Amino acid sequence: MKALTLTAVGGPEQLAVQEIPPPRLEGPDQVLVRIQAAALNRLDLFVAGGLPGLSYRFPHVVGADGAGVVEAAGPDVTTVKPGDRVMINPGVSCQACEWCLAGDHPLCPAYQVLGEHRPGTIAEYVVVPERNLAPVPEAMPWAQAAAYSMATLTAWRMLVTRAALRPAESVLIWGAGSGVSLAAVQIARLLGARVIVTSSSAAKLAVATRLGADVTINHAETDVAKEVRRLTGRRGVEVVVDSVGEKTWEQSLRCLARLGRLVTCGATTGPFVVTDVRKLFWYQWSILGSTMGSHGEYRRINELAHEGKLWPVVDSVVPLDEAPRAFERLQAGAQTGKLVIEVTRE
Ligand SMILES: [Zn+2]
């Protein structure tokens, strides 16, 4: 099969489309999916650069997100059959540890992500456990089905499970270009919150507005914390979604209301941040980490997809042979929404 593979660590320059043997069904609960489209995540850049503690078997197939058609299924599989259109939850957990038994799959010590710890989705075929599959809504095109899972699941867990965002609360979301941020805008709207979004690009802010953001701030021209204070009558926002890290952390804290919650799922600009502990306890803030999502959360976002809510924004679609171009766009931060790779021509 054709696949986008990493032949060594060292960045996206090490990616190449090549022919490799297709994966085979291994366990009775496994499903072989013929991928129609896959989508990129920032994780793929980190994987290409080489993640500490990760041992690769080259050629390593990259990609966490994908959607396609069931080709074959193991004997124990009951919920999907060959020919079904499916989207893939990229997180694979052990199903036996205390965290899995409690339904908190991303906390599983044996947690694996497609394209990181196991072969990824930017290939003609991938094998995943049955429980990682969900039906694609009939009206949803392959590009959006492929782009759906990781960003939407991550944003859902951040806002709903971790930050417990409530109606009438205000939320600040940094960086309108990323798939997670745009999913967060839509989720915050569904929850009935007031949504404030930042970007340095007017075009990206326009997309956020179209998705339901109440207020947009150009963070290249504006002191975000000052503006947030002004917009909230000096009170601050109850929740901040920050996956930027070093560059925005202190501003994020300055935006928080008393009892505010800062939730993070990433550190694009660097992992080491400064927090004034005196303010943390005095204002009784919470700093919340979040990553990926559980099977229950995945079922919930899949239902919302079927209700026509929360469909992802696709920035662009390129054929598999041009996948490295999509990586360049991701690395430059030029995208608004998800970068999709068409693996199989329709
Ligand atoms: Zn587990």
(Q) Please list, in order along the stretch 240-247, the HN-Hα scalar couplings obtained from phi with the Karplus expression 6.51 cos²θ - 1.76 cosθ + 1.60 (θ = phi - 60°), rounded to whole Hz, x for Gly and Pro. (A) 10, 9, 10, 10, 8, x, 3, 5
Q. Whole-Hz Karplus ³J(HN,Hα) for the stretch 103-120, in order, using 6.51 cos²θ - 1.76 cosθ + 1.60 and θ = phi - 60°, x for Gly and Pro?
A. x, 10, 3, x, 8, 4, x, 9, 4, 10, 10, 4, x, 10, 9, 8, x, x
Q: Could you list the chymotrypsin sites (Phe, Trp or Tyr not before Pro) in the stretch 253-346 that lie in coil according to DSSP, counting only those with at most 15 other Cβ atoms within 10 Å of their Cβ?
A: PHE272, TYR283
Q) With a sphere of radius 15 Å drawn around the Cβ of ALA202, what net charge do the other residues whose Cβ falls strictly inside it have (Lys, Arg +1; Asp, Glu -1)? A) +1
**Q.** Neighbour-limited loop hits for trypsin sites (Lys or Arg not before Pro), the stretch 227-256 (at most 12 other Cβ within 10 Å; DSSP other than H, G, I, E, B)
**A.** ARG234
Q. Karplus couplings for the stretch 295-306 from phi (6.51 cos²θ - 1.76 cosθ + 1.60, θ = phi - 60°), rounded to Hz, Gly and Pro as x?
A. 5, x, 5, 5, 4, 5, 5, 5, 4, 5, 4, 5
Q: Pairs to check: LYS309/LYS338; LYS279/LYS338; LYS204/LYS226; LYS226/LYS279. Give those whose C-alpha atoms are more than 27 Å from each other in this structure.
A: LYS279/LYS338
(Q) Please check: in the Gaussian network model of the chain (C-alpha springs, under 10 Å), which one of PRO319, PRO271, PRO52 has the largest mean-square fluctuation. (A) PRO52
Q. What residue among ALA202, ALA163, ALA145 has the largest mean-square fluctuation in a Gaussian network model of the chain, using Cα springs under 10 Å?
A. ALA202
Q: Taking the Cβ of GLY177 as the centre, find all other residues whose Cβ is under 10 Å away and add up their charges (Lys, Arg: +1; Asp, Glu: -1).
A: 0
Q.
I need the shape label for the stretch 76-159. Rule: rounded when a/c is under 1.5, else prolate if a/b > b/c, else oblate, with a, b, c from the alpha carbon gyration tensor.
A. prolate
Q. If the cut-off is 19 Å between C-alpha atoms, which aspartates and glutamates fall inside it for LYS247, apart from same-chain ones fewer than 8 positions away?
A. GLU221, ASP223, GLU227, ASP276
Q: Take every Cα pair under 8 Å in the stretch 97-181 that's 6+ residues apart, average their separations, divide by the length, and report that relative contact order as a whole percent.
A: 15
Q | Sites matching GluC sites (Glu not before Pro) across the stretch 76-150 that sit in DSSP coil, with at most 12 neighbouring C-beta atoms within 10 Å | A | GLU138
**Q.** Debye equation applied to the C-alpha atoms of the stretch 55-202, log10 I(q)/I(0) at 0.08, 0.09, 0.15, 0.16 Å⁻¹
**A.** -0.27, -0.35, -0.92, -1.02
Q. With springs only between Cα atoms under 10 Å, which of VAL62, VAL277, VAL197 fluctuates most in a Gaussian network model of the chain?
A. VAL277
Q: Quick one: check the C-alpha center-to-center distance for the stretch 171-187 versus the stretch 64-95, whole angstrom.
A: 28
Q) Where does the chain land at 222 nm, in deg cm²/dmol rounded to the nearest 500, when only DSSP H runs of n ≥ 4 count, each adding -39500 (n - 2.57), divided by all residues? A) -7500 deg cm²/dmol
Q) Taking the C-alpha atoms of the stretch 203-249, how large are the radius of gyration and the largest Cα-Cα span, Dmax, in Å? A) 11.5, 29
**Q.** Under-5 Å amide H pairs with VAL136, H placed in peptide plane, nonlocal only
**A.** ARG85, VAL86, MET87
(Q) Below 14 angstrom from the Cβ of CYS265, what's the summed charge of the other residues (Lys, Arg +1; Asp, Glu -1)? (A) +2
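Since every read-out is calculated from the coordinates, none of them should be taken as a lab result. Since we're looking at a predicted model, the values are computed, not measured. Using ideal geometry, Cβ is built from the backbone for each residue, glycine included, and neighbour counts are taken over all protein chains shown.
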